[in-house]
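Participant: First, the structure itself, so that you have it in front of you.
The values are calculated or read from the model by the stated rules, or taken from the named source; none is laboratory data. Because the structure is a prediction, the values reported are computed rather than measured. Ideal geometry is used to build each Cβ from the backbone, glycine not excepted, and the neighbour counts take in all protein chains shown.
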Amino acid sequence: MFLTYNPVAGCLVHTGNDPMARATNEALNSARKMTTDERWKAGHSFDEPQGPTVLAREALEAIDGIVEVFSGRLTGVFYAETKDARGNVYPKMRLAFSENSSDPHVISLELAHEMTLQLIQRITSVQPGQWLIIRPTISPVERNGRMFANHNCIVKDDQDQLLSPIPGLWKQAQAGADEAAKKLMDMGIKEAKLINLTKAQSKLDFHRQLLDGIVQRFKMDAKPQSTSETAFF
């Protein structure tokens with residue numbers, strides 16, 4: 001089983017080449033055709049009537065394709081990259097869960113996504129073989145008079161205890177991003193889009209270093225079986 005996170009639906013969904021993954025892809029494509037590309041790309045729309053999120057979840061519910069919670073024994077953590085037909089590269093974090101099996105379940109996540117960064121912080125101290133319960137969450141946040149979706153996750157162990165990030169990690173990531181932005185502004189670069197991209201890349205680099213540390217703890221004899229992927233996930 002291959003899963004990924006869909007930010008429009010706000011949940012884990014099936015992906016890959018198996019029948020459930022194909023049905024999921026068809027359901028999401030049908031929902032996408034019922035709205036505009038602009039609204040779909042804007043992401044989670046909460047309970048807005050006929051909004052992308054409502055449409056996506058209705059389509060997924062029809063095929064029982066919503067995965068609200070995933071649990072399993074974490075046996076592998078990997079960094080990977082995929083490419084689409086145009087050569088665009090998508091960095092990923094992959095989590096492998098297995099129970100005495102050579103064919104583990106895999107969660108493949110966009111490394112740059114907010115939910116993935118939150119998840120990385122919550123598993124920085126997780127040990128190989130530890131049982132995890134993962135639930136993506138969505139909460140509204142207001143910025144400049146507009147409501148946005150805050151993508152986060154709840155992670156628990158087999159004792160139902162919350163796994164929290166190491167204190168101060170977000171502050172470190174933000175401090176690095178602010179410093180990167182300051183360097184641009186000191187050079188006379190004030191374009192907001194470029195500054196925001198630089199800050200985002202700085203935060204991504206910070207979390208990539210965290211991920212690399214986790215990967216080193218989870219060295220396995222064999223990686224999960226390769227699955228054909230597309231830019232969709």
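Participant: For residue 74, state whether it is farther than 28 Å from residue 140 by Cβ and of a type in the set (A, V, I, L, M). Give the steps one after another, and end with the answer.
Facilitator: Working: farther than 28 Å from residue 140 by Cβ: yes; of a type in the set (A, V, I, L, M): yes.
It is true that residue 74 is farther than 28 Å from residue 140 by Cβ and of a type in the set (A, V, I, L, M).
Participant: Whether any residue in the stretch 210-226 is surrounded by fewer than 12 Cβ atoms within 10 Å (Cβ to Cβ), under 28 Å from residue 44 (Cα atoms) and among the hydrophobic types (A, V, I, L, M, F, W, C) is what I want to check.
Facilitator: Taking every residue of the stretch 210-226 in turn, none turns out to be surrounded by fewer than 12 Cβ atoms within 10 Å (Cβ to Cβ), under 28 Å from residue 44 (Cα atoms) and among the hydrophobic types (A, V, I, L, M, F, W, C).
Here is a yes/no grid of residues against (1) charged (D, E, K, R); (2) in a loop (DSSP other than H, G, I, E, B); (3) exposed (fewer than 10 other Cβ atoms within 10 Å of the Cβ):
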site: 133; (1), (2), (3): no, no, no
site: 138; (1), (2), (3): no, no, no
site: 149; (1), (2), (3): no, no, no
site: 155; (1), (2), (3): no, no, no
site: 158; (1), (2), (3): yes, yes, no
site: 165; (1), (2), (3): no, yes, no
site: 170; (1), (2), (3): no, no, no
site: 173; (1), (2), (3): no, no, no
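Listed here are the residues, each with its yes/no results for (1) within 30 Å of residue 219 (Cα to Cα); (2) within 17 Å of the chain's Cα centre (by Cα).
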position	(1), (2)
23	no, no
30	no, no
33	no, no
37	no, no
60	no, no
80	yes, yes
88	yes, no
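Participant: A further question on this structure: Scan the strands (runs of 3 or more DSSP E) fully inside the stretch 41-123 and keep the ones with 1 or more residues being touching a Ser or Thr at 6+ places or on another chain (Cβ under 6 Å) and at pLDDT below 95.
Facilitator: So the answer is 70-83, 89-97.
Participant: I need the full set of residues from the stretch 175-218 which are assigned to a helix (DSSP H, G or I), among the charged types (D, E, K, R) and either touching a His at 6+ places or on another chain (Cβ under 6 Å) or without any contact (Cβ under 8 Å) to a residue 60 or more places away in the chain (or both), in order please.
Facilitator: 178, 179, 182, 183, 186, 193, 199, 205
Participant: Looking only at the stretch 81-114, count every residue that is touching an Asp or Glu at 6+ places or on another chain (Cβ under 6 Å) and of a type outside the set (S, T, N, Q) and tell me the total.
Facilitator: Counting residues in the stretch 81-114 that are touching an Asp or Glu at 6+ places or on another chain (Cβ under 6 Å) and of a type outside the set (S, T, N, Q) gives 2.
Participant: Any idea how many residues of the stretch 106-125 are crowded, with 19+ Cβ neighbours inside 10 Å and more than 19 Å from residue 199 (Cα to Cα)?
Facilitator: The total comes to 7.
Participant: Anything in the stretch 1-35 that is touching a Cys at 6+ places or on another chain (Cβ under 9 Å) and more than 20 Å from residue 104 (Cβ to Cβ)? List them, or say none. Write out each step before concluding.
Facilitator: Residues of the stretch 1-35 touching a Cys at 6+ places or on another chain (Cβ under 9 Å): 5.
If the condition is that a residue be touching a Cys at 6+ places or on another chain (Cβ under 9 Å) and more than 20 Å from residue 104 (Cβ to Cβ), then no residue fits.
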